[in-house]
């Protein structure tokens with residue numbers, strides 16, 4: 001069977017110490033033998049490492065920051081489309097997702113497919129609504145309080161025991177151990193991300209994440225559970241292993257069913273010492289460790305492309321446990337002229353690489 | 001007693017619990033005992049094999065084997081036949 005030629009744009013090429021999923025998604029797509037791919041990197045920053053990874057990314061374009069709005073993004077993507085003839089776009093940043101959802105119908109009119117959840121689906125599972133979502137769907141989650149003023153903290157202190165987490169309404173979380181710290185972080189987070197500030201009970205245990213894919217009709221196409229084996233100071237998994245646990249797959253199936261989730265997702269759990277699974281967070285996209293799913297014999301990004309292109313997709317019914325990843329950092333050597341070209345012209349192609357330093361022994 | 005199905009025992013004597021992601025390294029004698037458990041050897045026959053091979057008093061063997069098997073059960077690595 002001949003391979004399908006596709007040009008796919010991918011965002012989040014920031015393969016740094018707190019990595020975006022883009023490079024992992026591209027590695028997964030490259031591993032799929034059904035496709036003959038041209039990968040177009042879509043980058044917000046000039047230093048996103050994926051821009052310079054010419055073995056994975058054919059050409060990269062810079063796009064305006066999400067804060068510039070969906071019209072700016074659409075204009076830039078349609079320009080890229082006029083040059084590259086895009087078939088599909090996979091956005092991988094939380095912050096850009098709503099812009100992409102907004103412009104998806106227009107992209108489709110131009111022949112560019114996506115596989116994205118609805119804006120309402122994202123709202124249902126965001127930090128502000130996760131507690132309610134879990135209560136409604138009989139899922140366990142740590143006790144959570146939403147507070148709008150410092151006065152409320154004192155009243156709440158009878159209800160929880162330190163340490164607890166203090167979280168911004170969009171990003172950032174800090175572990176606090178006393179009243180002084182909670183007040184300080186309330187001020188910091190409310191100033192940065194607005195109100196309310198979230199206080200969440202801290203649960204001890206092991207961190208388990210699930211990467212999954214839903215078809216938008218309530219069906220789970222695949223899911224791989226992973227236990228974090230090594231966690232960095234900033235809380236990111238640096239190593240993990242695929243688990244064999246049918247209960248985790250059933251939770252993923254339930255999530256896909258009740259949300260009718262369309263696209264990739266990540267469920268973050270804490271398994272408490274008494275073996276209770278607590279849902280901590282849902283990310284509306286594939287995780288950075290998504291390439292591990294390929295090793296476990298479920299290529300979820302490739303399946304997402306097939307779903308979005310209306311190609312036949314058979315849901316995965318098995319996977320291999322015991323596959324493990326260890327993330328690593330190394331220095332990719334390029335030339336300053338590549339950086340100059342990308343930062344001034346907003347485009348960098350594999351063909352135009354001025355030096356072949358990477359091939360030298 | 002059987003080793004649970006999601007437990008893998010490597011040749012190098014490491015147990016991997018595929019359900020929890022926990023790994024445990026064991027010493028060579030413990031690895032031999034695990035092999036015996038995998039072969040469904042009854043506890044009394046395990047003792048005979050070990051005492052034939054190693055210089056150990058029956059009391060010490062009883063105590064150590066009891067502790068080891070209890071530890072395996074505590075870690076949820078084995079299931080006990082009813």
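Kindly indicate whether residue A:287 is in a helix (DSSP H, G or I), within 15 Å of the chain's Cα centre (by Cα) and within 21 Å of residue A:118 (Cα to Cα).
Values: in a helix (DSSP H, G or I): no; within 15 Å of the chain's Cα centre (by Cα): yes; within 21 Å of residue A:118 (Cα to Cα): yes.
No; evaluated as a whole, the condition is false for this residue.
Conditions: (1) within 14 Å of chain B (Cβ to nearest Cβ); (2) at pLDDT 95 or above; (3) surrounded by fewer than 22 Cβ atoms within 10 Å (Cβ to Cβ); (4) part of a helix (DSSP H, G or I). Residue A:320 meets all but one. Number of the miss?
Status for residue A:320: all satisfied but (4).
Give the stretch A:249-280 a look and list any residue that's part of a loop (DSSP other than H, G, I, E, B), under 19 Å from the mean Cα position of the chain (by Cα) and surrounded by fewer than 23 Cβ atoms within 10 Å (Cβ to Cβ), or say none. Before the answer, list the steps.
Filtering the stretch A:249-280 for residues part of a loop (DSSP other than H, G, I, E, B) gives A:260-261, A:273-276.
Keeping just the survivors that are under 19 Å from the mean Cα position of the chain (by Cα) gives A:260-261.
If the condition is that a residue be part of a loop (DSSP other than H, G, I, E, B), under 19 Å from the mean Cα position of the chain (by Cα) and surrounded by fewer than 23 Cβ atoms within 10 Å (Cβ to Cβ), then A:260 is the only one that fits.
In the stretch A:138-146, is there at least one residue being within 14 Å of chain B (Cβ to nearest Cβ), buried (at least 20 other Cβ atoms within 10 Å of the Cβ) and in contact with a strand residue (DSSP E or B) (Cβ under 7 Å, 6 or more places away or on another chain)? Can you show your working first?
From the stretch A:138-146, those within 14 Å of chain B (Cβ to nearest Cβ) are none; that's our starting set.
The answer is no; no qualifying residue exists.
Test residue A:311 against the stated conditions and say whether it is closer than 19 Å to residue A:37 by Cα and modelled with pLDDT of 95 or more. Working first, answer last.
Details: closer than 19 Å to residue A:37 by Cα: yes; modelled with pLDDT of 95 or more: no.
Taking the combined requirement at face value, the residue does not satisfy it.
Does any residue of the stretch A:19-35 turn out to be within 17 Å of the chain's Cα centre (by Cα), within 27 Å of residue A:331 (Cα to Cα) and at pLDDT below 95? Before you say what the answer is, go through the steps one by one.
Kept after step one, since they are within 17 Å of the chain's Cα centre (by Cα), are these residues of the stretch A:19-35: A:19-29.
Pick out the ones that are also within 27 Å of residue A:331 (Cα to Cα) and you get A:19-29.
Now restrict to residues that are at pLDDT below 95: A:19-20.
The answer is yes; a qualifying residue exists.
Check whether at least one residue in the stretch A:192-205 is within 14 Å of another protein chain (Cβ to nearest Cβ) and modelled with pLDDT of 95 or more, and report yes or no.
Taking the stretch A:192-205 first, the residues within 14 Å of another protein chain (Cβ to nearest Cβ) are A:205.
Retained after the next criterion (residues that are modelled with pLDDT of 95 or more): none.
No, because not a single residue in the stretch A:192-205 is within 14 Å of another protein chain (Cβ to nearest Cβ) and modelled with pLDDT of 95 or more.
Just one of (1) surrounded by fewer than 16 Cβ atoms within 10 Å (Cβ to Cβ); (2) under 19 Å from residue A:241 (Cβ atoms) trips up residue B:77, so point out which.
In the conditions (1) surrounded by fewer than 16 Cβ atoms within 10 Å (Cβ to Cβ); (2) under 19 Å from residue A:241 (Cβ atoms), residue B:77 misses (1) alone.
Can you tell me which residue in the stretch A:246-269 is nearest to the other protein chains (Cβ to nearest Cβ), limited to those that are touching a residue at least 40 places away in the same chain (Cβ under 8 Å) and under 22 Å from residue A:322 (Cβ atoms)? First the steps, then the outcome.
The first filter runs over the stretch A:246-269 and keeps only residues touching a residue at least 40 places away in the same chain (Cβ under 8 Å), leaving A:248, A:251-252, A:254-256, A:258-269.
Remaining after also requiring under 22 Å from residue A:322 (Cβ atoms): A:248, A:251-252, A:266-269.
Details: A:248: 9, A:251: 14, A:252: 16, A:266: 17, A:267: 16, A:268: 15, A:269: 12 Å.
Once the filter is applied, the top-ranked residue is A:248.
The values are calculated or read from the model by the stated rules, or taken from the named source; none is laboratory data. Bear in mind that the values here come from a model prediction, so they are computed numbers and not experimental data. Ideal geometry is used to build each Cβ from the backbone, glycine not excepted, and the neighbour counts take in all protein chains shown.
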